[in-house]
Amino acid sequence: MAHFEKANSIGEWLDQRLAVNTLKRVMQTEYWIPKDINFLWAMGMVLAATFGILLVSGIFLLMYYQPNIDTAFDSVNYTIMSEVGYGWLWRHIHGVGASIVFLIIYIHMFTGIYYGSYKKGRELIWLSGMGLFVAFSAEAFSGYMLPWGQMSYWAGMVITNLFSGGSLHADGLVEWIRGDYVPGQAFLSRFFMLHVLLIPLAIIGLIVLHFGTLRIPHVNNQEGEEFDYKEAAELYKAGKVKESKVIPFSPVFLSKDIFVMGVYFILFFYLVFYHFGFAMDPVNFDPADGLKTPAHIYPEWYFLWSYEILRPFPTDPGLIAFAFAQVIFFMLPFLDRSPNVAPASRRGAFKFWFWAMLIDMIVLTFMGKLPPEGIWSTIGLVAALAFFVLWIALPIITKTEKKL
Ligand code: HEM
């Protein structure tokens, strides 16, 4: 048994047993953040806070939700919305949070792409981030099944059908995933389990990993400048320089993060109270009916770009294109062959690549919502082809990029 001195405070008592002071030093007071960053670097903490809000509101909804195909729809649309005190508020918070979290994820991803924050030394930050993207997508999809409305049912049908692999006709796999020939009780029960237990656990694990991968390479900065953090930190602590290159994560950087979060939450609750409708599909206010297919089946806005990559092609090539779109972002650190860590504006052809990719994904998103007819389907096809051309071009244009 180790010898323990008498502790003079709770902090000291905990430190003797849990090394809390070491943890505080490593993760807070001596965790150095570059000073040359802007509000876009607060998006990570905004995401973490939104996930917290989704967890808390989800726990409240879980108290009244019933994962049963006969009662699920009413438990959400009647019990929670009209009978439970403030049930509507928790539902709106959860619905708006689930939609907005993707907007912030896309901003966070494109910030990383713009500043080259996935480059050598930071690959694991990117890969764990992409793991989070996939986990959040699965979490959103499984949650969408739970109200058991028309869109829950038919989106569940369409997405699980993808696993038949087109002409492979892997119907056994589709039935295995559904637990039945069509979405039914087994389907709802397992997506309920995934939504409230397995995927949130995976997300928590991935967030811890994502934070861990940030600690050693440190976050990037606006100019992609590499410098000696130890030296910069010594100068900061000695107060010897007028303009320090670094600030400690806590309390200095955290207070900036909290300011951005404050502004974000004003907008967030404005949406919750006045514009929650955008996060709820009107078709999903009809109960699931396996005999009545809705006129248009489309996913929520955050999946539209990848849906539009599937749609313009015949079944088999469409599935391959879709699978490509799901994994290609994981490959970014290895497809960008330039050694330059710098904002896209300073990186030759990559600057055009960045904006072309962003605009292409926005166009795909708009086209994914429109019925595939006339000019819209042509624009959708061109945008889908452009997506592939851009990814094929990336290693070539970055290989020839001039070293800065
Ligand atoms: C959804 C949950 C996520 C959370 C809670 C989260 C959290 C964070 C936090 C706190 C940071 C540090 C501060 C900042 O740069 O914002 C960060 C950085 C980073 N994240 Fe995420 N993130 C998430 C998802 C993602 C996704 C989907 C990607 C992209 C694939 C990603 C890629 C990155 C990168 C590349 C950095 C480094 C930025 C830099 O060094 O400048 N993250 N993340």
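Odds and ends about this structure:
- Label point distance in nm, Lys351-Ala323, each placed 7 Å from Cα along Cα→Cβ: 3.9 nm
- Ranking of His3, His275 by count of other Cβ atoms within 10 Å, fewest first: His3, His275
- Proportion of all alpha-carbon pairs of the stretch 1-89 beyond 15 Å (%): 76 percent
- Compactness of the stretch 304-404, expressed as Rg and Dmax over alpha-carbon positions, Å: 14.7, 46
- The ranking of Val158, Val246, Val272 by Cβ neighbour count inside 10 Å, starting from the fewest, reads Val158, Val272, Val246.
- Net dipole in debye of the chain [+1 Lys, Arg Cβ; -1 Asp, Glu Cβ; about Cα centre; nearest 20]: 1440 debye
- For Ile247, residues with placed amide H under 5 Å, excluding near neighbours: Ile33, Lys35
- Based on DSSP H segments of at least four residues, each scored -39500 (n - 2.57), the chain has a per-residue ellipticity at 222 nm of -19000 deg cm²/dmol.
- Restricting the calculation to alpha carbons of the stretch 168-241 gives Rg and Dmax of 24.2, 71 angstrom.
- Rounded to the nearest angstrom and listed largest first, the equivalent-ellipsoid semi-axes of the chain from its Cα gyration tensor are 40, 31, 19.
- For the stretch 261-317, size of Cβ-based charge dipole, Lys and Arg +1, Asp and Glu -1, in debye: 100 debye
- Two-site FRET efficiency, Tyr64 against Asp286, from Cβ-Cβ distance with R₀ of 22 Å, rounded to 0.05: 0.60
- The label-point distance for Leu201 and Asn21, in a model that sets each label 7 Å from Cα toward Cβ, rounds to 3.7 nm.
- Cα-Cα over 20 Å, subset of Lys35/Lys237; Lys120/Lys237; Lys120/Lys399: Lys120/Lys237
- Normalised by 2.2 N^0.38 Å, with N the number of residues, the alpha-carbon radius of gyration of the stretch 8-54 equals 1.61.
Values quoted throughout were computed directly from the atomic coordinates according to the rules given, and no laboratory measurement underlies them. All of these numbers come straight from a predicted model, not from anything done at the bench. Methodologically, a virtual Cβ is constructed for each residue, glycine included, from the backbone with ideal geometry; neighbour enumeration extends over all protein chains shown.
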